[in-house]
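Colleague: Just passing along the structure, written as structure tokens.
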Amino acid sequence: MAAVTGLEQPLAAAPAARTARPRLWRAAVFAVAGLYFLVPLGASLWYTIYTPTSGVSFGAYGELLTAEGFAGSLALSLGLGLATIALVLLLTLPAMLAVRLSAPRLRPVMEVLCTLPLVVPPITYVAGLGTSLRTGADLLAPTPFWATLIAIQDPAFPVVLVLAYVVLVLPFVYRSLDAGLRTMDVRTLVEAARNLGASWPHVVFRVLIPNLRSALASASFLTLALVFGEFTVARLLGYQPFAVWIVTISGSRGQVSVAVSILSLLLFWLLLLAVSSAFGREKK
Amino acid sequence: MTRSKGWLGALPLLVFYAFVFGVPLVALLAGAFTSRGRPTLDNLRQSLQGGNLTSMAGSVQVSAVVALLGALLGTVLAYAVVTSRFTALRQAVLTASGVLANFGGVPLAFFWVATLGNSGVVSGLLGLPTGALYSFWGLVVVYLYFSVPLMVLVMAPALDGLRPQWREAAANNGGTAWHYWRHVGVPVLTPSLLGGVVLLFGSAFAAYATAAAMGAGTVVPLVTLKIANALTSDVLIGQENVALALSLDMIVVAGLVMAVYLPLQKRSTRWLR
């Protein structure tokens, strides 16, 4: 703080008299906000490393690695995240290119469809999803589809969660890709490449995707962050990825669950940093 | 590629959407309006009575208080950030807001349990009574942790969009600071402000993970907790359809919120080019 105040002096020399009061007011706002936002982080850190009986120790962080279910739930969340990224990009990218290239009338429809999941709170979505899975199992029992329905609910890798997560991240991915596509003239690029004799795969992989790199990166990171933090759908459908696991162990090991929370904030912060640097590069 | 084939690229997404989003919504609607296979309005009636109504009212109250307080505090913080000369501080606050606004859920609950919970680090120092965090205002304090940053993200670009020239123009025409804010500043900011309030309300209203991880449901009735309980408990047969009716109530409220928010968002971007 002292360093920052020192820097300010030469700049503020002239209008010092006029701005003295507002600056005090601003300092007070920053102080209160700093207290409110930093104290819980500091307190949580202290909570994980200090106990009255054994003093300061980083045991909770070591215990974490050996805690039952940690590796399994982490691997499950990572797998779900990667599968969600692959599926959501595979579905939205062709759709958005098709809408831009040859079906512009579908565009408002697409926009509404991709905004709609924001209106439906996750808990209500999973209420509907759970109901349709149960009714579906009853209705489809005599048909071969029944086996499919059971297979996607396999606890080892619940595909149904991937499907649900694609719906939940759809609005964010759509916005991110839309922003990326706005920065270029898709139609002209495609026509130019085709006139020069490029095949369709060549157009997509050598012309369009390189131009969309940062939008794709930010969509992927957002998806990964969202899937890692997701609790509602997984909990109510009865699976145990990372966020659900934290709650499960919080009963017996309070310190470990807070330690995991701190680590996941760090991870989330790094992911968002990656997103913003992906976008920052595009602006240059 | 011919025109007739062009929309085929959108087909997989549309089919996926119809099955994975459309079918659950239809199932929800069908469940909300039937009981043991017969059409009925009983579920909806029950969802607006007794404990269910209390939980809906609790959710609306918490969300409204969080939205208003969060909007006020977030705007003040955003104004302080925008008018600050230190670009490093400004960058730091905006980045932190980006992280915290999206960082809700389970870890947020544990941060506050470790801080102000019954065996929390700070609650001991402050001498807070047992269960203070699990009260109405405790929940508000926790929810503000993601709501205030969200408001900062909404208001910072809007406040940045207030051009100094407008203020100078007002001054040149003999206007005072009051005139400027009354006729220029506040009208330009109003759509962003209202949009922010609505957005904050919506996000607090839909929040489930934080409250569930805190175990706040015992004191503050919340509709999300109510739905989750009805869906996961095996004891209450027939409650499932009431839970679906409650979900429908929630979607109606959230839909109203979005119907207000989206036009406001379009309007607020008009001045910010």
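The values are calculated or read from the model by the stated rules, or taken from the named source; none is laboratory data. As the structure is a computational prediction, the values presented were derived from the model and not from experiment. All Cβ positions, glycine included, derive from the backbone under ideal geometry; neighbour counts span all protein chains shown.
Colleague: Filter the stretch A:101-118 for residues that are within 27 Å of the chain's Cα centre (by Cα) and surrounded by fewer than 17 Cβ atoms within 10 Å (Cβ to Cβ) and give the result.
Modeller: Matches in the stretch A:101-118: A:R107, A:P108, A:V109, A:E111, A:V112, A:T115.
Colleague: Quickly run through the stretch A:1-47 and pick out the residues that are surrounded by 12 or more Cβ atoms within 10 Å (Cβ to Cβ), of a type in the set (S, T, N, Q) and at pLDDT below 85.
Modeller: Across the stretch A:1-47, the qualifying residue is only A:T19.
Colleague: Continuing with this model, one more query. Could you identify the single residue in B:G175, B:G138, B:G185, B:G196 that is outside any helix (DSSP H, G or I) and not aliphatic (A, V, I, L, M)?
Modeller: Details: B:G138 fails: outside any helix (DSSP H, G or I); B:G185 fails: outside any helix (DSSP H, G or I); B:G196 fails: outside any helix (DSSP H, G or I).
B:G175 is the lone residue from the list that is outside any helix (DSSP H, G or I) and not aliphatic (A, V, I, L, M).
Colleague: Which of (1) away from every other protein chain (no Cβ under 12 Å); (2) surrounded by 15 or more Cβ atoms within 10 Å (Cβ to Cβ); (3) under 30 Å from B:L153 (Cα atoms) is the odd one out, the single condition B:L68 does not satisfy?
Modeller: Just one mismatch for B:L68, condition (2).
Colleague: Taking the stated definitions as given, is B:V197 in contact with a helix residue (DSSP H, G or I) (Cβ under 6 Å, 6 or more places away or on another chain), touching a residue at least 40 places away in the same chain (Cβ under 8 Å) and within 12 Å of chain A (Cβ to nearest Cβ)?
Modeller: Numbers: in contact with a helix residue (DSSP H, G or I) (Cβ under 6 Å, 6 or more places away or on another chain): yes; touching a residue at least 40 places away in the same chain (Cβ under 8 Å): yes; within 12 Å of chain A (Cβ to nearest Cβ): no.
In short, no.
Colleague: Still on this structure, I have one more. Of the residues in the stretch A:219-266, how many are out of contact with any helix residue (DSSP H, G or I) (no Cβ under 7 Å at 6 or more places or on another chain) and either assigned to a helix (DSSP H, G or I) or modelled with pLDDT of 85 or more (or both)?
Modeller: 5
Colleague: Taking the stretch B:74-92 as the search range and keeping residues that are of a type outside the set (F, W, Y) and facing chain A (nearest Cβ under 8 Å), which one is farthest from the chain's Cα centre (by Cα)?
Modeller: So in the stretch B:74-92, the residues of a type outside the set (F, W, Y) come out as B:74-78, B:80-85, B:87-92.
Filter once more, keeping what is facing chain A (nearest Cβ under 8 Å): B:76-77, B:80, B:83-85, B:88-89.
Values: B:V76: 19, B:L77: 19, B:A80: 23, B:T83: 27, B:S84: 28, B:R85: 31, B:A88: 29, B:L89: 27 Å.
Filtering the stretch B:74-92 for residues that are of a type outside the set (F, W, Y) and facing chain A (nearest Cβ under 8 Å), the one farthest from the chain's Cα centre (by Cα) comes out as B:R85.
Colleague: Let me ask something else. So which helices (runs of 4 or more DSSP H) are wholly in the stretch B:1-63 and hold at least 3 residues that are within 24 Å of the chain's Cα centre (by Cα) and closer than 29 Å to A:L163 by Cβ?
Modeller: Working: elements: B:11-17, B:23-32, B:42-47.
Hits in the stretch B:1-63: B:23-32.
Colleague: Out of all the residues in the stretch B:88-100, is one or more of a type in the set (D, E, K, R) and either surrounded by fewer than 16 Cβ atoms within 10 Å (Cβ to Cβ) or not in a helix (DSSP H, G or I) (or both)? First the steps, then the outcome.
Modeller: Within the stretch B:88-100, the subset of a type in the set (D, E, K, R) is B:90.
With the extra rule that they be either surrounded by fewer than 16 Cβ atoms within 10 Å (Cβ to Cβ) or not in a helix (DSSP H, G or I) (or both), the set shrinks to none.
So far as the stretch B:88-100 goes, no, none of its residues is of a type in the set (D, E, K, R) and either surrounded by fewer than 16 Cβ atoms within 10 Å (Cβ to Cβ) or not in a helix (DSSP H, G or I) (or both).
Colleague: Here's a follow-up. Regarding the stretch A:74-83, can at least one residue be identified that is at the interface with another protein chain (Cβ under 7 Å from one of its Cβ atoms) and either polar (S, T, N, Q) or part of a helix (DSSP H, G or I) (or both)? Talk me through it step by step, then tell me what you get.
Modeller: So in the stretch A:74-83, the residues at the interface with another protein chain (Cβ under 7 Å from one of its Cβ atoms) come out as none.
No, that holds for no residue.
Colleague: Let me ask something else. What residue, of A:A71, A:A86, is within 21 Å of the chain's Cα centre (by Cα) and surrounded by fewer than 14 Cβ atoms within 10 Å (Cβ to Cβ)? Before the answer, list the steps.
Modeller: Numbers: A:A86 fails: surrounded by fewer than 14 Cβ atoms within 10 Å (Cβ to Cβ).
After ruling out the rest, the residue left standing is A:A71.
Colleague: Just one of (1) part of a helix (DSSP H, G or I); (2) within 10 Å of another protein chain (Cβ to nearest Cβ) trips up B:S119, so point out which.
Modeller: (1)
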